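Everything below concerns the one structure shown next.
The values are calculated or read from the model by the stated rules, or taken from the named source; none is laboratory data. Remember, it's a predicted structure, so these values are computed and weren't measured experimentally. So basically every Cβ, Gly included, is an ideal-geometry build from the backbone, and we count neighbours across all protein chains shown. We work out accessible area using only protein heavy atoms, side chains counted, and drop any ligands, DNA or RNA first. Shrake-Rupley method; radii C 1.70, N 1.55, O 1.52, S 1.80 Å.
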Amino acid sequence: MKNNYVLSLFLVFTSYLQAQINFVNQATNLGLVATAGDTYLGNGISFCDYNNDGWDDLSIATEQNSKVLFFKNVNGSFEVDNLNLPLNTSQQKQVVWVDVDNDGDKDLFVTSNTDGNKLYLNIGDSNFQDISVTSGLPTQNLETYGASWGDYNNDGFLDVFLSNRSESDMQPNYFYRNNGNNTFTDVTAQAGFDIDSHMTFCSAFFDYNNDGWQDIYLSSDKYFNQNFLYRNNGNGTFTDVSAASNTGISIDAMTTTIGDFNNDGWFDIYITNTPTDGNILYRNNGDGTFTNIAIFSGTRLNSFSWGAVFLDADNDMDEDIYVSCEFDGSNPLFRSSAFYKNRANSTFENSLNSGFVGDAARSYSNAIGDFNNDGFPDIAVSNINYENMYLWENQTNNGNNWLKVNLIGVVSNKDGIGSRIEISINGNKQYRYTLCGEGYLAQNSNTAFFGLGTNTTIDYIKITWLSGMVDYIENVNANQLIEITEGSYSLNIENEFKKAFLYYPNPVKNTLTLKSEKTIKSVTVYTVLGQEIYNNTYQSLKFKVDMSNFKSGIYIVKISFISETETIQVLKE
């Protein structure tokens, strides 16, 4: 009887240990011998699948006179990847993989605070062409730290905001519009951005008011520089709403991290800071304003904090927070890092038993990915003082399920940046927003991660693209990566009634079918520029339009009945 009792206690204790969040540094075990050097204020890290093979790779910015480090993920281990890139030995700050030309492969943008920024066009087979000069982006040293990419005018091409931090406080930020032909135009003043210097570390494009247009938040250093929230007006301009939104705080702001910690569909902002006032957690109130709940939530962290990331570490259906710090942990008053476990009631547990054993480095930039494709997000961290990087493998073993989502834009930008992803399980919803260049000098995986708890089926996935198109998928099984191409699961596929008629499929590969209760008199198809490319007359309740020879893109279809007309929008794949 006594032995049975001891066995029961052992099983309970073992189960408790297995259920705990547990991160273990596996960098050297996985072939990651990588030091960024000893750079002032650190270097950035990217945890992005740059070769589109389904495995998240790692890229690390380094100190001056050292090359950018690339590590290709090969089935869960890493190999040094000597990409055919022009030599760049400036002091790099951020490494961002971004598809600037929408051709389906990742181009590379590298910021520097000692030399000009570099844009390398991916020309295939691991070869890259330096188009920094011909692109129209500035070639002089702007002392750039962060670069965030978004599509502010919803034209399908990613634009870039350059966050510049000059020690002399004389360097303004710049915003460049992507012209769609591998060139960019400076629209900083035209778009309405302040052209004074603000020592800005980084920014993030996100849609804070859920109106379908990408807004942007800026984190700036020093108490004499405020942070800014700019609202996108939808006409190519922005309005400064920092004061009206309560987000125009003046602190030593480092990161700009976006997530939805309370699953209310309104995206929140986490900002790191020095110990004087601690970090900021801005809860989005859904009415255009934010409230700092850092103290109430327990996420203030009085240390010298830098990179931060939202992630559902234990896949329990809410996002936790991980923070990297400048201290090495030798002083107990200042943490070397912090992990905040979401309690699902707008408060967090300052967890000290979530692994991270051996964290004794001064860390600046971190990013999440899933290096072994097990559905639990891992954390990569860049350190200084020639310390090797960390790759914190998520070894949490609690039986929870997961879902991963990859997006492929057709009308929107190719990587679906700026899309809003919503899932629902028994009425409980979660939201993710896709970014490119976020946190402190970081880039997270292009894959969106969702924890599902013990649930095995998702009621639906809903994607709202920047194009305005909505894809909707029902009854999705857990524990899979699902890839969604824009328009493939459109809400109007085979079931969209527009008043008196039905049209399908949308998007269309070859033939568009129109069915109506009223006689269709004629059908005319126009390009989005208004050019008529098809017209046919046919008295029938059913009509087929051959679109097999049409180019990919959006078309306007006008259906004329005997006494009225209707207009629909279709996507040709």
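Can you find even one residue in the stretch 305-324 that is over 23 Å from R432 (Cβ atoms) and part of a loop (DSSP other than H, G, I, E, B)? Looking through the stretch 305-324, none of the residues is over 23 Å from R432 (Cβ atoms) and part of a loop (DSSP other than H, G, I, E, B). Criterion applied to S250, S303 was being in contact with a strand residue (DSSP E or B) (Cβ under 6 Å, 6 or more places away or on another chain), over 18 Å from A204 (Cβ atoms) and not basic (K, R), and the one residue passing it is S303.
Name the residue, out of S330, S346, that is at pLDDT 95 or above, assigned to a loop (DSSP other than H, G, I, E, B) and surrounded by fewer than 19 Cβ atoms within 10 Å (Cβ to Cβ). Exactly one of S330, S346 is at pLDDT 95 or above, assigned to a loop (DSSP other than H, G, I, E, B) and surrounded by fewer than 19 Cβ atoms within 10 Å (Cβ to Cβ), namely S346.
Total residues in the stretch 278-314 satisfying the condition of being crowded, with 19+ Cβ neighbours inside 10 Å, within 22 Å of D221 (Cα to Cα) and hydroxyl-bearing (S, T, Y): the figure is 4. Checked against (1) open to solvent by 10 Å² or more (accessible area, probe 1.4 Å); (2) at pLDDT 95 or above; (3) within 22 Å of L85 (Cβ to Cβ), V160 meets all criteria but (1). Only a single criterion out of (1) touching a residue at least 60 places away in the same chain (Cβ under 8 Å); (2) in contact with a Ser or Thr (Cβ under 6 Å, 6 or more places away or on another chain); (3) over 30 Å from E393 (Cβ atoms) is not satisfied by D101, namely (2).
Of the residues making up the stretch 456-469, those that are in a strand (DSSP E or B) and either open to solvent by 30 Å² or more (accessible area, probe 1.4 Å) or touching a Phe, Trp or Tyr at 6+ places or on another chain (Cβ under 7 Å) (or both) are T457, D459, Y460, K462, T464.
For N397, the criteria (1) farther than 26 Å from G298 by Cβ; (2) in a loop (DSSP other than H, G, I, E, B) hold in every case but one, which is (1).
Among the residues of the stretch 503-555, those that are of a type in the set (D, E) and either under 15 Å from V570 (Cα atoms) or part of a loop (DSSP other than H, G, I, E, B) (or both) comprise E532, D546.
Which is assigned to a strand (DSSP E or B), modelled with pLDDT of 95 or more and touching a Cys at 6+ places or on another chain (Cβ under 9 Å), of Y176, Y145?
Y145
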